[in-house]
There are 2 protein chains.
Amino acid sequence: MISEKMIPLMKNNSAIRMMFEEGNKLAAKYGRENVFDFSLGNPSVPAPAEVNQAIQDIVKEEDSLFVHGYMSNAGYEDVRETIAQSLNRRFGTSFHAGNILMTVGAASGLNVILKTLLNPGEQVITFAPYFVEYGSYVRNYDGELVVVSPNTVDFQPNLVEFEEKINEKTKAVIINTPNNPTGVIYSEETLQKIAAILEKKQKEFGTSIVLLSDEPYRELAYDGAVVPYVTKYYRNTVVCYSYSKSLSLPGERIGYLVIPSEMDESANVFQAATIANRVLGCVNAPSLMQRVIKRCVDANVNLEAYDRNRNLLYNGLKECGFSCIKPEGAFYLFVKSPVENEKEFCEVCKQYNVLVVPGSSFACPGYVRIAYCVSYGQIERSLPAFRKIAEHYNLV
Amino acid sequence: MISEKMIPLMKNNSAIRMMFEEGNKLAAKYGRENVFDFSLGNPSVPAPAEVNQAIQDIVKEEDSLFVHGYMSNAGYEDVRETIAQSLNRRFGTSFHAGNILMTVGAASGLNVILKTLLNPGEQVITFAPYFVEYGSYVRNYDGELVVVSPNTVDFQPNLVEFEEKINEKTKAVIINTPNNPTGVIYSEETLQKIAAILEKKQKEFGTSIVLLSDEPYRELAYDGAVVPYVTKYYRNTVVCYSYSKSLSLPGERIGYLVIPSEMDESANVFQAATIANRVLGCVNAPSLMQRVIKRCVDANVNLEAYDRNRNLLYNGLKECGFSCIKPEGAFYLFVKSPVENEKEFCEVCKQYNVLVVPGSSFACPGYVRIAYCVSYGQIERSLPAFRKIAEHYNLV
């Protein structure tokens, strides 16, 4: 009955999602306050007040048929122009509405651009650790995901191996900065090197290689860290953006693609992506949320709350003897497992009602991801549990 | 640069959508009130007042993190249960939350279930005239759309040809009732016959054939016409529903799949479809709109407005000498072209600033679709233009 392509997906269903469901079960059993669920990247800081205000104002002020109606499949023109101008102000770019395609979040944006570009058998490169769904997205279009192994020293990408893995079948490269699961931000130097390698390889093979920059965590950067804007370093870049984290709207499914005018066949890519958005069944990004973005384009969640969480958890774990680099962005800590098999470590954590995700879910075994987008109180309450886990492993 | 599969889609971009863009251009030139755009199925009756009230109440009353956050990929459990109970009340079914999967509209629901079911080379049958995007949806998963030719007597499906076209590769059948573009409702007798044919063919080939009932127009039925609930006639039915028309929310992308417990491998199909919803990039149906559905599950648009339009336009066209069956549902008239080549007829209409869609866009040349989801005033103002067109063809 089920398509053969779906069978492996069913067998290997998302560990993160299964953990999320398990967390709900444990919470029902022990009480929500006694379960320390760090599994899902579900924002804990509410949407800025202006978002909910905008929703109310739009419903009162704008025509209902317009707000909830169809528009061009690329999205409302005025919303797209507003986003372009905001990017131009912030990053010195020169986009216009014709470069912005509204999507059902970044996950859908990635699907749209991969459907636009990929022929069966073509390759997409990404860097471990990486968001495991990339593999599914690429396989949706019969492409092959090629994974560059992790550099566990500082979690900047392994560029030597990257260059070796590019060949004439390489159609795209996915990067994700600030990174899920490490919280690392790719430096300007890293982006310059990636661009130089891609330029060289494009010449060598006479191909176009598209750099897909998956940026749901762009606005979540701490201590004044700068997240360089990728289109400025490499012409054939497509940005996949989402408001899931910057405005705490993950359930609303609202984001966009940036398809710069400078990229090869830009107008064709934009038209094809608009059609892909339609035929994949999204048709258009949710309309009310598009209108909200127009009014809240420069809003942002309260970053301080995540920053407090980051410091409390990072310091707490270090004091217990855990090993971890301090993340500059996103809302994850990527912690070294005290034992080689990190799934065993996850099971021990679960005995203390602590839920964390094994690094093998991100193609980086030996580590676990701890999502600190939770209440400050949960982190406080969890620290004694982490200490007991550390004692279990004689880390303290 | 562009995927080879996208090239034909770009060459043959949706005639309806192109007409929509053209309508906007004509309106800019001649003024909106002088252009009679009947091209797009974009609701003209606003969402019921309780929808916009619910949006405001939810934002005020419910927790922002909950309203805008992630939930299970199938959707909020309480929303799904509410929908199941509403269906049970109205149609005497016995669904529960586990049969309802929230989707990004019916177009996405169709994509989700086709991805769940189809292997490359498998066939999906539909009946002309049909919504042309079905072909794209099926080809997304390397399936083949097999089209049963139209029965232009009463636009009920041609069941003799249907039976002939079923073979061992037939995985699914798509029906759409009330129908776009004809407005015809499939009778109980038609559904019983379809079910009997499918039961017989399942036995003959030892296969499961899934009947996909695409139902965005279910609530748009006039003169007390009954739209039979398809799961009651055939076990292997999946309903693809959308609130785009029943609540006038086409831009919001909210709908659901019904996967009945009685169908073959029901639990597997539900799980696979939930995963398909995620990996296609939708992740989940827009969250605020899910919460709205919970509060407005039995709401409906003001049907009288469409009914007035239907009568005014139908009678007006008949008086001019046009030939057309009176639609029982949806918001379209499917009018016989006065000349064999209906595209030529569409061009003549355009000279009078009347935009209609050629039937060949629905695999039924010789007819045109007139979407009467417009203002009553537009229909009134358009009647003299239709009369001139009729005079052009000596119909009057």
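The base-10 log of I(q)/I(0) for the range A:1-106, evaluated at q = 0.13, 0.17 Å⁻¹, reads -0.90, -1.00 [Debye formula, identical scatterers on Cα atoms, solvent excluded]. Between A:Glu62 and A:Lys169, the modelled label-to-label distance comes to 4.5 nm, taking each label 7 Å out from Cα in the direction of the beta carbon. Just so you know, the Rg over Rh for the range B:115-178 is 0.97, from Cα atoms, with Rh as the Kirkwood radius. With label points defined 7 Å past Cα in the direction of Cβ, position B:Tyr393 shows copy-to-copy spacings of 7.7 nm, given to one decimal and shortest first.
Here the extension length gained between A:Asp264 and A:Glu347 equals 25.0 nm, from 0.36 nm per residue of separation less the Cα-Cα distance. Remark: the protein assembly as shown carries 34 Å² of accessible area per residue (probe radius 1.4 Å; ligands, DNA and RNA excluded). Counting only protein heavy atoms and a probe of 1.4 Å, the accessible surface of the protein assembly as shown is 49% carbon and sulfur.
The rule of thumb for compact globular proteins, 2.2 N^0.38 Å, goes into the C-alpha radius of gyration of the protein assembly as shown 0.97 times. Only Cα pairs within less than 10 Å get springs; with that Gaussian network setup on chain B, which residue of B:Gln53, B:Gln290, B:Gln378 has the largest fluctuation? Greatest mean-square fluctuation among the candidates belongs to B:Gln53.
In this calculation the C-beta distance from B:Asn302 to A:Glu340 is compared with R0 = 60 Å, giving a FRET efficiency of 0.35. Applying a threshold of 27 Å to the alpha-carbon distances of A:Lys11/A:Lys388; A:Lys5/A:Lys115; A:Lys29/A:Lys336; A:Lys294/B:Lys115; A:Lys5/A:Lys201 flags A:Lys11/A:Lys388; A:Lys29/A:Lys336; A:Lys294/B:Lys115; A:Lys5/A:Lys201 as lying beyond it. Under the convention that each Lys and Arg Cβ holds +1 and each Asp and Glu Cβ holds -1, the size of the dipole of the range B:276-396 around its Cα centre is about 460 debye. Seen from a random direction on average, the alpha-carbon convex hull of the range B:144-271 projects onto 8.8 square nanometres. The range B:216-280 and the range B:306-369 have Cα centres lying 29 Å from one another. DSSP bridge analysis restricted to the range B:49-295 gives an antiparallel fraction near 30%, rounded to the nearest 5. Interface of B with A. Using a 1.4 Å probe and counting protein heavy atoms only, the two chains hide about 6600 Å² of accessible surface, both sides summed. Please state the shape class of the range A:184-342: rounded when a/c is under 1.5, otherwise prolate if a/b exceeds b/c and oblate if not, all from the C-alpha gyration tensor. Oblate, since a/c reaches 1.5 and b/c is not below a/b.
Under the convention that each Lys and Arg Cβ holds +1 and each Asp and Glu Cβ holds -1, the size of the dipole of the range A:1-115 around its Cα centre is about 620 debye. Calculated on the Cα set of the range B:72-112, radius of gyration then Dmax: 10.6, 28 Å.
The local environment of A:Ala54, defined by Cβ-Cβ distances under 15 Å, has a net charge of -2 under the rule Lys, Arg +1 and Asp, Glu -1.
In the protein assembly as shown, helical runs assigned H by DSSP with n ≥ 4 each contribute -39500 (n - 2.57); averaged across all residues and rounded to the nearest 500, the mean residue ellipticity at 222 nm is -13000 deg cm²/dmol. Here, the range B:297-354 is characterised by an Rg to Rh ratio of 1.07, where Rg is the alpha-carbon radius of gyration and Rh the Kirkwood radius.
About the centre of its Cα atoms, the range A:49-295 shows a dipole size close to 200 debye [charges on the beta carbon of Lys, Arg (+1) and Asp, Glu (-1) only; nearest 20 debye]. Karplus-based coupling profile of the range B:263-269, in residue order and whole Hz: 6, 4, 6, 3, 5, 5, 4, with θ = phi - 60° in 6.51 cos²θ - 1.76 cosθ + 1.60 and x standing for Gly or Pro.
Summarised in one figure, the compactness ratio Rg/Rh of chain A, Cα atoms and Kirkwood Rh, is 0.96. Largest GNM mean-square fluctuation across B:Leu65, B:Leu288, B:Leu249, computed for chain B with C-alpha springs under 10 Å, falls on B:Leu65. Using a simple spin-label model with pseudo-atoms 7 Å out from Cα toward Cβ, B:Ala225 and B:Asn315 lie 1.8 nm apart.
When the alpha carbon gyration tensor of the range B:68-206 is reduced to an equivalent ellipsoid, its three semi-axes come out at 28, 19, 16 angstrom, largest first. Using the Cβ-Cβ distance between A:Ala385 and A:Lys294 with R0 = 51 Å, the FRET efficiency computed as 1/(1 + (r/R0)^6) comes to roughly 0.70. A dipole drawn for the range B:49-295 from +1 and -1 charges on Cβ atoms has a positive end, and of B:Leu257, B:Thr207, B:Thr274 the residue lying farthest that way is B:Thr274. In units of the compact-protein estimate 2.2 N^0.38 Å, the range B:262-396 shows a Cα radius of gyration of 1.46. Distance between the pseudo-spin-label points of B:Asp142 and A:Asn13 (7 Å out from Cα toward the beta carbon): 2.6 nm.
Of all the C-alpha pairs in the range A:251-324, what % are more than 19 Å from each other? Roughly 63 percent, rounded to a whole number. The alpha-carbon of B:Lys200 sits under 20 angstrom from the alpha-carbons of these lysines, leaving out residues fewer than 8 places away in its chain: B:Lys165, B:Lys169, B:Lys171, B:Lys232. Quick one: angle between helix A:15-30 and the longest Cα principal axis of chain A, in degrees between 0 and 90, rounded to 10, please. Long axis of A:15-30 versus the principal axis of chain A: about 50 degrees. Of all DSSP bridge pairs formed entirely within the protein assembly as shown, close to 45 percent run antiparallel.
Remark on B:Leu145: its backbone amide H falls under 5 Å from those of B:Val124, a criterion applied only to residues 5 or more positions apart or on other chains, H modelled at 1.01 Å from N.
The values are calculated or read from the model by the stated rules, or taken from the named source; none is laboratory data. In this text the structure is predicted, and so the values were computed from the model without any measurement. FYI the Cβ positions are ideal-geometry reconstructions off the backbone, even for glycines, and counts take in every protein chain you see. Accessible surface areas use protein heavy atoms only, side chains included; no ligands, DNA or RNA. Shrake-Rupley method; radii C 1.70, N 1.55, O 1.52, S 1.80 Å.
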